[in-house]
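S.K.: Provided herewith is a single structure, encoded as structure tokens, for subsequent inquiry.
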Amino acid sequence: MKLDNKIAIDANDIHYTQLNKLIRKAVAEKATDIVIKNVLGQRFIASGLRAEINIDIYGVPGGDLGMFMNGPICNIYGNCEHAPGNTMDYGKIIVHGSTGDASAHSMRGGEMYVRDRIGYRGGIHMKEYDQKKPTLVVGKSADDFLGEYMAGGLILLLGIGQEAPFYGRGIGSGIHGGRIVIRGEIEDKYLGLGVKRLDMDTSLLNEVQSRIKEYCNYFNLDATKLLDENYTVLGPASSRPFAGKYTWE
Amino acid sequence: MSLGSVPLRYKVDIDREQCMRCMRCVDNCSYGAFRNEEGKLIVNSRKCTACHRCISMCPRDAISLKDRPVDYRAHPLWTSEAREDIINQSRTGKIVLAGMGNAKDFPSIFDRLVLDACQVTNPSIDPLREPMELKTHIGKKPSRLEFEETVDGDIKVLNEIAPNLELQTPIMIGHMSYGAISLNAQRSIAQAVAKVGTFMGTGEGGLHESIYPYQDNTIVQVASGRFGVDINYLERGAAIEIKIGQGAKPGIGGHLPGEKVCSDISCTRMIPYGSDAISPAPHHDIYSIEDLAQLVRGLKEATEWKKPVFVKVAAVHNVAAIAAGIARSKADAVVIDGFRGGTGAAPKVFRDNVGIPIEAAIASVDKKLNEQGIRNEISIIASGGIRNSADIAKSIALGADAVYIGTAALIAMGCRVCGNCYRGLCPWGIATQREDLVDRLDIDSGAQQVANLINAWTYELSELMGAAGINSIESLRGNRERLRAYMLDEGMLNVLQVKPVGA
């Protein structure tokens, strides 16, 4: 079923290991595009995959989509289970739907765009280093503990078509790096421990604007309205949250 | 301050007759206990940590050290330590941090177990002239083998054998991260394990490029902070270890303080310079044994099922049931870390009070896995307070496949167990990142000393086995008949499944 450089895979009734073998085989065959149809709960899709490749996924992938992934751009036409982008290194995950808990968990680089909603603990312990700066953009809403333990990167929550609160409690609990940017005003009761309100600076504003445009571009939405809005910027009160907790023996 | 000062912890004395005022002690003490005032050697005992660096470097043996030189009113309950902790916490209102392993006076079970030897009715074996097999394979073993005879009369094994690590001796070096210890210490260990044919753990600190040449002898760790973890890291390791908990501080995470995050550590861990490296207590994607299975499979899937995956847990009350769950998760080995396991820093209340001894944990895990018929599914690696080859022989006889040593390897590089690792001033160049201190640890000598220790213990193990008429480490594994307990209570005998002496 090889069409030029596009390889199609039918995931119907096959195990995730078999599916990943087919993906790796397609990469070895120098595919530039892989289209996977009939995905139904297969976990670990594109896990540990190192390739500059476009992967279109139709159906509902199981947990840990793109775990440790380095390079691919995954378009998911459906919802994802928990922890897509877990410890992802580089690449993109674009979800035309919603995702489960711990989305973008410990993500180290790359970008994830979720059209609708994410579950609890989204972007937990995301971290940045040097040139690598992970980004999570969520269109509608997020559950409790968004950006918990966050150590770097950017989380952008747009709340499109949602009345506040479109977020849960404990936002940024234990955050010690990075920024969480949320549309509109947020009451203190939703903020976690160790979070501080910050001003939007020019470079962050530029970044937020370009992420919003990119989000709208993926999901065919008009960015103008979103660009006009006010955003709350949250960051760490300290990069050393535990510095004052201990005494020597 | 109304509390005043507490008495000196240590008292350093200089034998002025012996001292030749070479001032080597001044140069060597990173804690500032000595100073040179116009040729006069001045001592500030309050700064001493009993690290013994000055004593070991003094050319005239002129330095002596006394522990707790000032008596309190003797009291069996209100020990000086109990009193001083209260004074400290009433001053600061903070959690007391301590280094190294459990420092409470719990009796050692190892020291209440004795090994067997052959007399008359079965011959002992002389390891000098007969082969002794200490080679150990860590990983899943098939419950049965299936064979097929090929056309040319050969026998072919039909089973698909899971990847195993092959150790030349059942002694590995446990996970001590670059950050917790210096790069020179980690490089010494790496050279040593490559030399003797065994393995070391990276800890949760990433894999520094100077360890790459030894990557075939390293086990890379994935812990809750996921520091330094990417696909290259996973593929470089000979095996991958998921750290759930550690014996020195079960149930809590770790914090590498920002001042230790230098540029090289920042790059190895892939975190910003000077930021705290926080490993939270749980993995954010593990909230059940099923979630653990998911991470085990996730790591295997990412590395195309080519790497054994270990799961390390602290020895806690229900460790046997937990290990049985791990054994069903596709993991290849369970690492059990007893309550005497070392650490760079842990809250003292955890270090001294949480967890159970490794001896009981090994025996109960081995028993549970045997009862459930899945002992072959998983190897058991024991760690936490292994001090000598006898502890290793006893661990294996209680059911372990291999052991991790940690503190012992550090002692082989100079450590004197002063327990101030968390201060980052280790004068032996081990638990520090200060360049002048790190330079004190010569990598080649460090490697040779660690390799010597492993070789010496391996010799002793083969002698102990030979004396017991055993010529293969596999025949010692779980062989409780070779152990007897001296003055242990009946409850403990039942847990260990060991008979008392004389029985």
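We did not get these values from a lab; they are worked out from the coordinates using the rules stated. What you are looking at is a predicted structure, and each value in this text was computed from that prediction instead of being measured. Backbone-built Cβ (ideal geometry, glycine too); neighbour counts: all protein chains shown.
S.K.: Tell me what chain A gives for mean residue ellipticity at 222 nm when only DSSP H runs of n ≥ 4 count, each as -39,500 (n - 2.57), the sum divided by the residue total, rounded to 500 deg cm²/dmol.
M.R.: Here the helix-only value at 222 nm equals -4500 deg cm²/dmol.
S.K.: From the phi angles alone, apply the Karplus equation (6.51, -1.76, 1.60; θ = phi - 60°) to segment B:222-230 and give each ³J(HN,Hα) in whole Hz, x where the residue is Gly or Pro.
M.R.: 10, 10, 5, x, 6, 6, x, 8, 9
S.K.: I've got another one for you. In whole Hz, what ³J(HN,Hα) sequence does segment A:208-213 give by Karplus (6.51, -1.76, 1.60; θ = phi - 60°), x for Gly and Pro?
M.R.: 4, 4, 5, 5, 5, 4
S.K.: With just the Cα atoms defining each centre, how far is segment B:255-282 from segment B:430-492? Give it in Å.
M.R.: Measuring centre to centre over Cα atoms gives 32 Å.
S.K.: Mind checking which lysines have their Cα closer than 17 Å to the Cα of residue B:195? Skip sequence neighbours fewer than 8 apart in that chain.
M.R.: B:135
S.K.: Same structure, new question: If we count every other residue with Cβ under 11 angstrom of residue A:68's Cβ, Lys/Arg +1 and Asp/Glu -1, where does the sum land?
M.R.: Working: positive: A:50, A:108, B:226; negative: A:64, A:89, B:230, B:235, B:301.
Spelling it out: positives minus negatives among the neighbours equals -2.
S.K.: Sticking with this structure for a sec: Just to be sure I understand: of the beta bridges DSSP finds with both ends in chain B, what percent are antiparallel, rounded to 5?
M.R.: 45 percent
S.K.: A further question on this structure: Between residue A:53 and residues 5 or more places away or on another chain, which pairs have amide H atoms under 5 Å apart, with H built 1.01 Å from N, and which residues are they?
M.R.: For residue A:53, the qualifying residues are A:73.
S.K.: What fraction of the DSSP beta bridges in segment A:98-236 is antiparallel, stated in percent and rounded to the nearest 5?
M.R.: Values: 9 of 26 bridges.
If I count the DSSP bridges inside segment A:98-236, around 35 percent turn out antiparallel.
S.K.: Around residue B:269, with a cut-off of 14 angstrom between Cβ atoms, what is the net charge of the other residues, counting Lys and Arg +1 and Asp and Glu -1?
M.R.: Charge balance in the 14 Å sphere: -2.
S.K.: Continuing with this model, one more query. Scan around residue A:76 for amide H atoms under 5 Å from its own, H built in the peptide plane at 1.01 Å from N, and keep only partners 5 or more places away or cross-chain.
M.R.: Result for residue A:76 returns A:57, A:94, A:95, A:96.
S.K.: Further, regarding this structure: Can you classify the protein assembly as shown as rounded, prolate or oblate using the Cα gyration tensor, where a ≥ b ≥ c are the square roots of its eigenvalues, rounded means a/c under 1.5, and otherwise it's prolate if a/b beats b/c and oblate if not?
M.R.: Values: a/c = 2.07, a/b = 1.27, b/c = 1.63.
Oblate.
S.K.: Also, quick follow-up: Going by how many other Cβ atoms sit within 10 Å of their own, how do A:15, B:137, A:82, A:105 line up, fewest first? Mind dumping the intermediate values first?
M.R.: Numbers: A:15 11, B:137 16, A:82 23, A:105 27.
Ascending number of Cβ neighbours within 10 Å: A:15, B:137, A:82, A:105.
S.K.: Say a paramagnetic label sat at a point 7 Å from the Cα of residue B:89, along Cα to Cβ; which residues of segment B:310-352 have their backbone N under 13 Å from it?
M.R.: Of the residues in segment B:310-352, B:347-352 have backbone N under 13 Å from the label point off residue B:89.
S.K.: Normalised by the empirical 2.2 N^0.38 Å for globular proteins, what value does the Cα Rg of segment A:98-236 take?
M.R.: Details: Rg = 13.2 Å, N = 139, 2.2 N^0.38 = 14.3 Å.
Ratio of Rg to 2.2 N^0.38 Å for segment A:98-236: 0.92.
S.K.: I would also like to ask the following. What list of ³J(HN,Hα) values in whole Hz, one per residue of segment A:122-127 in order, does the Karplus curve 6.51 cos²θ - 1.76 cosθ + 1.60 (θ = phi - 60°) give from phi, with Gly and Pro shown as x?
M.R.: Values per residue, Gly and Pro as x: x, x, 5, 6, 5, 9 Hz.
S.K.: Right, another one. Could you give the length gained on full extension between residue B:452 and residue B:135, defined as 0.36 nm per residue of separation minus the Cα-Cα distance, in nm? Don't skip to the end; give the middle numbers.
M.R.: Numbers: separation 317, 0.36 × 317 = 114.12 nm, distance 1.77 nm.
Fully extending the segment from residue B:452 to residue B:135 adds 112.3 nm.
S.K.: Past 19 Å, Cα to Cα, is the threshold; run B:140/B:330; B:156/B:330; B:104/B:312 against it and keep the listed order.
M.R.: Going by Cα-Cα distance, B:156/B:330; B:104/B:312 fall outside the 19 Å limit.
S.K.: Another question, if that's okay. Could you tell me what percent of the DSSP beta bridges with both partners in the protein assembly as shown are antiparallel, to the nearest 5?
M.R.: Of the beta bridges lying entirely in the protein assembly as shown, close to 30 percent run antiparallel.
S.K.: Beyond 22 Å between alpha-carbons counts as too far, so tell me which of A:21/B:307; B:243/B:306; B:47/B:249 fall in that bin.
M.R.: Flagged as over cut-off: B:47/B:249.
S.K.: Alpha carbon centre of segment B:337-359 versus segment B:40-69: separation in Å?
M.R.: Between the Cα centres of segment B:337-359 and segment B:40-69 lies a distance of 29 Å.
S.K.: Same structure, new question: Neighbouring Cβ atoms within 10 Å as the yardstick, rank A:214, B:166, B:209, A:111 fewest first.
M.R.: Values: A:214 16, B:166 13, B:209 10, A:111 24.
In order of increasing Cβ crowding within 10 Å: B:209, B:166, A:214, A:111.
S.K.: Say R0 is 30 Å: what FRET efficiency, to the nearest 0.05, do residue B:306 and residue A:52 get from their beta-carbon distance?
M.R.: My answer for the efficiency is 0.80.
S.K.: Between beta-carbons, use under 11 Å as the cut-off and find the net charge around residue B:210, counting Lys and Arg +1, Asp and Glu -1.
M.R.: -1
S.K.: Using helices alone, what [θ] at 222 nm do you get for chain B, with -39,500 (n - 2.57) per DSSP H run of 4 or more residues, divided over all residues and rounded to the nearest 500?
M.R.: Details: 16 runs with 149 residues, N = 503.
When only DSSP H runs of four or more count, the value is -8500 deg cm²/dmol.
S.K.: What is the distance, in nm, between label points placed 7 Å from the Cα along the Cα-to-Cβ direction at residue B:128 and at residue A:15?
M.R.: 5.4 nm
S.K.: Still on this structure, I have one more. Quick check: residue separation of residue B:152 and residue B:60 times 0.36 nm, minus the Cα distance between them. What number comes out in nm?
M.R.: 25.7 nm
S.K.: Sort B:418, B:267, A:80 so that the residue with the fewest other Cβ atoms within 10 Å of its own Cβ comes first and the one with the most comes last.
M.R.: Ascending number of Cβ neighbours within 10 Å: B:267, B:418, A:80.
S.K.: How many angstrom lie between the C-alpha centres of segment B:113-149 and segment A:30-100?
M.R.: Centre-to-centre distance over Cα atoms comes out at 48 Å.
S.K.: Where does segment B:10-94 land on the Kirkwood hydrodynamic radius, alpha-carbon pairs, in angstrom?
M.R.: 14.6 Å
S.K.: For B:268-280, what's the mean count of beta carbons from other chains sitting within 10 Å of each residue's beta carbon?
M.R.: 6
S.K.: How high is the relative contact order of segment B:10-94, given as a whole-number percent (alpha carbon pairs under 8 Å, six or more residues apart)?
M.R.: For segment B:10-94, the relative contact order is 35 percent.
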